[in-house]
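The structure appears below as structure tokens.
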Amino acid sequence: MTTEEAVDLGAMGDRFTRDPYSVYAALRARGPVHRVRIPEGALAWLVVGYEEGRAALADQRLSKQWALASPALGVRPVSSGRSMLSTDAPVHTRLRKLVTREFTPRRMQQLVPRVRRMTDELLDTMLAQPGRRTDLVESLAFPLPMSVICELLGVPFLDRRAFRAWSNTAVSSIDAAARRAATADMSRYLAGLLDDKREQPGDDLMSALIHTADEDGDRLSAEELMGMAWLLLVAGHETTVSLISNGVLALLTHPEQLEALRADPGLIDDAVEEMLRYAGPIETPTYRFTTGPLDIGGTVIPGGGELVLIAMADANRDPDRYPDADRFDITRDARGHVAFGHGIHYCLGAPLARIEAAVAVGSLLERCPELALDTDPDTLTWRTGMLIRGPEALPVRW
């Protein structure tokens with residue numbers, strides 16, 4: 001077992017928020033597992049590197065159940081209800097089976113024309129703004145995935161401004177009291193949405209989840225429906241917001257890669273994979289807890305509900321897996337990245353996120369041939385916490 005003192009990531013402040021990659025790389029050079037204090041204040045075990053990180057993501061000895069978390073950690077769940085992100089097999093298997101029945105590749109592909117129309121409408125509005133300047137997060141990266149997930153779930157009447165504020169606070173704030181308040185507000189709101197859907201079901205995913213049953217008659221309980229609504233609405237837009245923002249930022253700060261993509265728009269799918277690898281939207285996934293002693297790379301992590309975080313952002317920058325890993329290169333083979341996780345908790349919405357990013361970035365570059373960053377990249381402010389990685393705003397001009 002390691003005897004090293006905990007590395008206080010929170011004490012690094014803005015340095016860590018702006019550039020976690022160099023911090024993780026320095027830790028990786030010393031070994032795959034480190035005792036850290038996260039910005040929220042809790043002590044955790046951080047796994048860095050590709051091989052150990054990928055293995056840990058799939059290791060079912062690490063539990064997602066909050067009931068198994070050590071009380072000494074002082075951490076609380078962000079979301080309400082019970083979902084795939086807070087359960088292990090076989091409960092997770094059952095929940096995923098019920099959702100997968102409705103969250104099909106066919107349903108995702110049917111959304112492509114609508115995603116294109118939504119993107120065009122947002123770009124029409126953006127390009128009509130005076131001054132040829134905008135915050136791309138506000139104009140495209142947020143409203144597109146929010147609109148898509150609302151249409152998919154059948155909640156066009158969602159109060160998006162309030163929902164965005166609650167969601168941002170719940171997943172990014174390092175203020176525990178603020179997170180709890182946002183979680184409570186959002187839970188009340190989602191309960192109302194579910195009640196409306198029960199009374200007026202439609203041809204949408206949320207209505208289907210309320211009424212769907214498998215061949216044995218199994219249905220989602222009220223608690224599970226709440227967890228699923230939270231998961232689909234929050235995870236369904238937050239990650240894609242940062243995928244689009246991070247991807248455009250990477251292109252604008254690597255002009256030779258931007259030029260290559262403009263010269264060959266057919267590279268867009270490869271570009272999205274490299275965006276996911278180089279600057280994916282999830283820095284570390286949701287919490288896992290030890291169910292017994294666990295040896296990772298020669299370090300024994302104790303059992304008893306210890307918190308374990310896997311630095312997916314570092315796994316994707318490990319030079320042992322990706323040569324010249326800190327270089328953004330849309331022509332590289334980025335397959336095998338863990339931006340969507342690995343194992344049974346692999347992101348169910350990965351196909352939809354890829355579709356949205358490819359359409360959004362491709363259309364943006366086509367319609368804005370002189371797109372450029374409208375600020376010094378060193379002045380950008382970043383989301384806090386270790387879950388979502390992305391700029392709070394992305395000023396651009398054209």
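The values are calculated or read from the model by the stated rules, or taken from the named source; none is laboratory data. Keep in mind it's a predicted model, so treat the numbers as computed, not measured. Ideal geometry is used to build each Cβ from the backbone, glycine not excepted, and the neighbour counts take in all protein chains shown. Ligands, DNA and RNA are stripped out before the accessible areas are found, and what is left, the full protein with its side chains, is counted by its heavy atoms. Shrake-Rupley method; radii C 1.70, N 1.55, O 1.52, S 1.80 Å.
Distance between the 7 Å Cα→Cβ label points at THR100 and ALA176: 3.7 nm. The magnitude of the dipole of the range 65-172, with charges of +1 and -1 set on the Cβ of Lys/Arg and Asp/Glu and taken from the Cα centre, is near 360 debye. Distance between the C-alpha centres of the range 344-382 and the range 234-275: 5 Å, rounded to the whole angstrom.
The average projected area of the range 307-392, computed from the convex hull of its Cα atoms over all directions, is 8.0 nm². Ranked by the mean number of other Cβ atoms within 10 Å of their residues, highest first, the peptides 125-134, 45-54, 354-363 fall in the order 45-54, 354-363, 125-134. The DSSP beta bridges internal to the chain are antiparallel in roughly 80% of cases. In a reduced charge model with +1 at each Lys and Arg Cβ and -1 at each Asp and Glu Cβ, the range 214-357 shows a dipole moment near 260 debye about its Cα centre. In units of the rule-of-thumb radius 2.2 N^0.38 Å, the range 339-380 shows an alpha carbon radius of gyration of 1.68. Within the chain, the selection of entire DSSP H helices by a Cα span of 20 Å or greater along the long axis and an average Kyte-Doolittle value of at least 0.5 returns 236-252, 350-367. Think of a 1.4 Å ball rolled over the protein heavy atoms: the range 333-398 then has 39 Å² of accessible area per residue.
Which of the three applies to the range 282-357, rounded, prolate or oblate, going by the alpha-carbon gyration tensor with a ≥ b ≥ c and a/c under 1.5 meaning rounded? Taking the square roots of the gyration eigenvalues as a ≥ b ≥ c, the range 282-357 is oblate.
Scoring 17-28, 316-327 by mean Cβ neighbours within 10 Å over their residues and listing the highest first yields 17-28, 316-327. Diffusion coefficient of the range 102-196 by Stokes-Einstein, Kirkwood radius over Cα pairs, 25 °C, 0.890 mPa s: 160 µm²/s.
So what's Rg/Rh here for the range 32-75, counting alpha carbon atoms and using the Kirkwood radius for Rh? Dividing the radius of gyration by the Kirkwood radius yields 0.99. What area, in nm² and to one decimal, does the C-alpha convex hull of the range 212-332 cast on average over all directions? The number I arrive at for the range 212-332 is 11.7 nm².
Evaluated at q = 0.11, 0.15, 0.21 Å⁻¹, the base-10 log of the normalised Debye intensity for the range 144-228, with identical point scatterers placed on the Cα atoms, takes the values -0.35, -0.62, -1.05. The largest-to-smallest principal axis extents of the Cα set in the range 255-398 are 55, 30, 29 Å. For the chain, averaging the sequence separation of C-alpha pairs within contact (under 8 Å, six or more residues apart) and dividing by the residue count gives a relative contact order of 27 percent.
Convex hull volume of the C-alpha atoms in the chain, normalised per residue: 135 Å³. Using the eigenvalues of the Cα gyration tensor, what equivalent ellipsoid semi-axes result for the range 5-62 when each is taken as the square root of five times the eigenvalue, whole Å, largest first? Value: 20, 14, 10 Å, ordered largest first.
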